[in-house]
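A.B. asks: Right, I'll just put the structure down here and ask away after.
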Amino acid sequence: MTAEETAFAAGLFEGEGYVRRTSINGLAVEIKMTDKDPLEKMFFLVAGSKLKGPFHYGNPKHSAVWRWKMYGKPAKLFLMDIYPWLGARRQKQISNAIEYKKQTPTAEGREGPSDQQVPPLANQCLP
């Protein structure tokens with residue numbers, strides 16, 4: 001991604017996204033919105049991402065929701081790309097999620113991917 005594209009992705013994630021830990025893939029990154037077009041842009045910019053929807057929850061008067069998501073190593077690489085562009089609170093969430101993943105065995109009982117599998121520049125972004 002270009003610097004402008006990375007800034008766009010970071011801004012959208014900062015405002016609408018979240019990172020969580022999963023027992024199967026380790027990390028999950030997701031953005032939910034009623035506007036499809038920004039999520040379509042994310043889908044085309046970020047390799048390994050998925051765009052799903054529309055989903056209708058509860059009240060039929062509410063707008064449909066679209067979901068952009070990533071899992072596992074692609075999610076970690078995406079987070080490392082946008083990390084420098086994020087605020088302190090989001091950076092802390094990402095650091096906590098990645099640190100937890102390093103300490104947690106995967107579903108097969110093996111340790112998760114090591115930081116050696118992440119490009120060196122990405123490792124420099126984390127405190």
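A.B. asks: Yes or no: segment 77-96 includes at least one residue that is in a helix (DSSP H, G or I), out of contact with any helix residue (DSSP H, G or I) (no Cβ under 8 Å at 6 or more places or on another chain) and either at positive phi or among the β-branched types (Val, Ile, Thr) (or both).
C.D. replies: Within segment 77-96 (the criterion being in a helix (DSSP H, G or I), out of contact with any helix residue (DSSP H, G or I) (no Cβ under 8 Å at 6 or more places or on another chain) and either at positive phi or among the β-branched types (Val, Ile, Thr) (or both)), the answer is no, since none of the residues qualifies.
A.B. asks: Would you check which residues across segment 28-46 are part of a strand (DSSP E or B), under 11 Å from the mean Cα position of the chain (by Cα) and among the hydrophobic types (A, V, I, L, M, F, W, C) and list them?
C.D. replies: Residues satisfying the conditions are ALA28, VAL29, ILE31.
One line per residue, one yes/no per condition, for (1) touching a Lys or Arg at 6+ places or on another chain (Cβ under 9 Å); (2) at pLDDT 95 or above; (3) assigned to a loop (DSSP other than H, G, I, E, B):
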| residue | (1), (2), (3) |
| --- | --- |
| GLY48 | yes, no, yes |
| LEU51 | yes, yes, no |
| ILE98 | yes, no, no |
| GLU108 | no, no, yes |
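A.B. asks: If you take the residues of segment 12-27 that are in a loop (DSSP other than H, G, I, E, B) and not hydrophobic (A, V, I, L, M, F, W, C), which of them is surrounded by the most Cβ atoms within 10 Å (Cβ to Cβ)?
C.D. replies: Checking each candidate, the answer is ASN25.
A.B. asks: Just name the residue that is farthest from PHE43 (Cα to Cα) out of those in segment 1-11 that are hydrophobic (A, V, I, L, M, F, W, C) and part of a helix (DSSP H, G or I).
C.D. replies: The qualifying residue farthest from PHE43 (Cα to Cα) is ALA3.
The values are calculated or read from the model by the stated rules, or taken from the named source; none is laboratory data. Quantities reported herein were computed from a predicted structural model and do not represent experimental measurements. Because the Cβ atoms are built from the backbone with ideal geometry, glycine has one as well, and the counts that use them run over all protein chains shown.
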